[in-house]
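Heads up: the structure comes next, in structure tokens.
The values are calculated or read from the model by the stated rules, or taken from the named source; none is laboratory data. As the structure is a computational prediction, the values presented were derived from the model and not from experiment. Cβ placement follows ideal geometry from the backbone for every residue including glycine, while neighbour counts extend to all protein chains displayed. Side chains included, ligands, DNA and RNA excluded: accessible areas come from the protein's heavy atoms. Shrake-Rupley method; radii C 1.70, N 1.55, O 1.52, S 1.80 Å.
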Amino acid sequence: MKILKNVFELNKAVKNYKNVGFVPTMGGIHKGHESLIKISKKNNKETLVSIFVNPTQFNKKKDFENYPRNIKNDISILTKLKVDYLFLPDVNEIYKKKMKNFKLKKTDKILCAKYRKGHFEGVLNVMNRLLSIVKSKYVFMGEKDFQQYMLIKRILGKKYKINIVGCPTIRESNKIALSTRNKLLGKSSIKKVSKIAIKLDKLKKLSQKNRFADLSKFKHELENKFKVKIDYLEFRDENRMKLNNFKSKYRLFIAYYINGVRLIDNF
Ligand code: AMP
């Protein structure tokens, strides 16, 4: 695997992006990232993974500083997976150029955009910068971060005329969605997160038989039973992310804090 630390090295190593799939990450590589890489490898001759913990998408400096990093371990996993290129830029390399910032439309200010002010502007900003450097036609992103995937697909997929490919959420056998942030959780929190995921999975299945829009009772029950603070628990359709639209394919979206760690998931 070739490790490229700046744009100069990257351009020297990758001459033609035609058959290079791109998997952007913030590191802390786990089975969720691995599945994206495997899908990219299946569909492209070569695969490029980037690891960049983007400061502008964190709401608090502390959250950015505490974000789990383990580059040695990441390199060892990516090498075993036979990833062709690892792009490993620093903050200065990504942010040295002046580029236009993104603003969200009013209708986009839902779910995490409502509760994490400036978060998706930061995500779009960094992805815009990465996509202006890594010129792949296929970018693989997880449905675990469904709102992020949809925003990038709509705004940057269109801008760069590239395919943003949504990949299914990978879960542990206890139903927990793999996430780098899980490393911040203790044993008892992990147990609770698993129980919550099992409950929400059942709730989604139940909703397919017996449509119900009012989740406030269920939200309070979860908060009391597991001592979590829920930002939102909402049904939204996949295409337009409209609230309680059960006519199209829809998902149950949640964001909550457990012991100070913010987790998101959808079912
Ligand atoms: P991150 O490193 O958390 O920014 O994630 C990098 C990419 O991996 C994003 O496109 C995520 O949506 C995706 N991803 C993270 N966790 C999972 C998971 N459990 N299953 C599938 N994709 C995931």
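For the range 26-44, the criterion of a residue being small (Gly, Ala, Ser), part of a strand (DSSP E or B) and within 18 Å of the chain's Cα centre (by Cα) is satisfied by no position. Within the range 13-38, no residue that is acidic (Asp, Glu) sits with its Cβ atom under 6 Å from a residue that is at pLDDT 95 or above and within 6 Å of the ligand (Cβ to nearest atom) at 6+ positions apart or across chains. For the range 205-247, a tally of residues being of a type in the set (Lys, Arg) and under 22 Å from Ala113 (Cβ atoms) returns 5. Here Lys205 does not fit the description of being part of a helix (DSSP H, G or I), in contact (Cβ under 8 Å) with a residue 60 or more places away in the chain and open to solvent by 70 Å² or more (accessible area, probe 1.4 Å).
Conditions (1) touching a residue at least 40 places away in the same chain (Cβ under 8 Å); (2) near the ligand (Cβ under 8 Å from one of its atoms), marked per residue:
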| residue | (1), (2) |
| --- | --- |
| Leu151 | yes, no |
| Ser179 | yes, yes |
| Gly186 | yes, no |
| Lys195 | no, no |
